[in-house]
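J.: Supplied in structure tokens, the structure appears directly below.
All of the numbers you see were taken from the coordinates with simple rules; none came from a lab. Given the structure is predicted, the values throughout are model-derived calculations rather than measurements. Here Cβ is always computed from backbone atoms with ideal geometry, including for glycine, and neighbour counts include all displayed protein chains.
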Amino acid sequence: MIKITSDNKEQTILTVFEGLSWSGAKDIGCRTLSFSFLYNPLVKDLPRYKAKVGDKVEWIEDDKTLFLGYIETLPYNTDDDTISVTCQDLLARVMRSKFIGRMRGTLNELCNNICGAFGIKNGVNVENTHVHNIVSTGDLTYYDVLKTALDTMFERYTLYMDGSTLKLADHNIIQTFEIGKNIRSSSFSQSISDMVTRVLIIDNNGKILNAVEDTENLQKFGLFQEVYNYNKDCKNNLAEAKKLLKGVTNEGSIVVNNNNDCISGKFITVKEPVNAFEGTFEIQTDHHVIENGNKYMELEIKHVKLG
């Protein structure tokens, strides 16, 4: 069910045409909802819905609000009597608004301040007392402020909107997919184009202070070297340098039956029984489609090692 609130009047759209799509990407943050509905004010049998850019849009499935946002674009095609609607969720405003000044506090406090400024709820609650001190001269958005804090705390994270609430994706496995059982189609690839097998730690004068390496990959694939500049304010430079080590990239794309819990930044398990492979993959992009009773999703995924 899709609801559009225009001029303070809520309308349930009953003439959605050719289904809808709901998508997101780990590196983008905000999610997009797209759909079309029949519209012709000259045809008496068609409802005369009102919709304009900026109007509130809510998509509800099984009594749960999956999307809450606003209309971003609204092209009207007079040839086929349809209005196409593209919507962004509430995180889009946080991502597009520039911040000027200093913001100081724990991650929870930063989230509380920013969510309060944009009228959204804060569902981020991390047990960490580190106080961040972030300054922007207008070069950072409010979203960048949160990312700056998160970058110092987590190797892997994703912020997303759950209805009207900002949340941090957990690392629980959402679902298991197995080739030959519940995967409609799939493709996978391997690459070492981003591989780093050794990281040199240097000071401001270029002097080598230390080094970290992936011994197994170094012996197997040879030397791919990166440099890390020692930071006197960092608590653990070795740990930060190790983050630059990169192994074989395993990526894939699968088409499966729809599960609205499978969104970018969350984790799934993929099994391939012929070669006895089973791995954990992080969803990089997701595209959910509901049309003519057919519900499916296309997921771009990347193999990760948790722990």
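J.: Around Leu245, under 9 Å between beta carbons, what's the net of Lys plus Arg minus Asp minus Glu among the other residues?
T.: Net of charged neighbours comes to +1.
J.: Rounding to the nearest 20 debye, state how big the charge dipole of segment 1-142 is about its Cα centre with +1 on each Lys and Arg Cβ and -1 on each Asp and Glu Cβ.
T.: The dipole magnitude comes to about 620 debye.
J.: Ok, one more. What net charge is computed for the residues neighbouring Glu18, neighbours being all others with C-beta under 11 Å from the C-beta of Glu18, Lys and Arg scored +1, Asp and Glu -1?
T.: With Lys, Arg at +1 and Asp, Glu at -1, the net is -2.
J.: Can you find, among Gly206, Ile114, Gln284, the residue sitting farthest towards the positive end of the charge dipole of the chain, where Lys and Arg contribute +1 and Asp and Glu -1 at Cβ?
T.: Gly206
J.: Where Rh is the Kirkwood radius over the Cα pairs of the chain, the temperature 20 °C and the viscosity 1.002 mPa s, what D in µm²/s does Stokes-Einstein return?
T.: Estimated diffusion coefficient is 96 µm²/s.
J.: Find the centroid of the Cα atoms in segment 106-159 and in segment 164-238, then give the distance between the two in whole Å.
T.: Taking the Cα centre of segment 164-238 as reference, the centre of segment 106-159 is 23 Å away.
J.: For segment 204-305, report the % of Cα-Cα distances exceeding 18 Å.
T.: 64
J.: Can you report the principal axis dimensions of segment 114-257 using only the alpha carbons, biggest first, rounded to whole angstrom?
T.: 51, 50, 28
J.: Amide H neighbours of Thr141 under 5 Å, counting only residues 5+ apart in sequence or on other chains, H built in-plane at 1.01 Å?
T.: Phe99
J.: Of the options Met95, Tyr76, Leu33, report the single residue whose Cα projects farthest towards the positive end of the charge dipole of segment 1-117 (beta-carbon charges: Lys, Arg +1; Asp, Glu -1).
T.: My answer, from the dipole projection, is Met95.
J.: Quick one: dipole size for the chain, taken about the Cα centre, charges +1 on Lys/Arg Cβ and -1 on Asp/Glu Cβ, in debye to the nearest 20.
T.: About 740 debye.
J.: Quick one: putting +1 on the C-beta of Lys and Arg, -1 on the C-beta of Asp and Glu, what dipole do you get for segment 198-307 around its Cα centre, in Debye to the nearest 20?
T.: Dipole magnitude for segment 198-307 comes out near 420 debye.
J.: What full-extension length gain, to one decimal in nm, is calculated for Asn210 and Asn125 as 0.36 nm per residue of separation minus the Cα-Cα distance?
T.: 27.0 nm
J.: If you average the alpha carbon positions of segment 1-20 and of segment 30-60, how far apart do those two centres end up, in angstrom?
T.: The two parts, judged by their Cα centres, are 5 Å apart.
J.: If you average the alpha carbon positions of segment 265-287 and of segment 244-261, how far apart do those two centres end up, in angstrom?
T.: Using only Cα atoms, the two centres lie 6 Å from each other.
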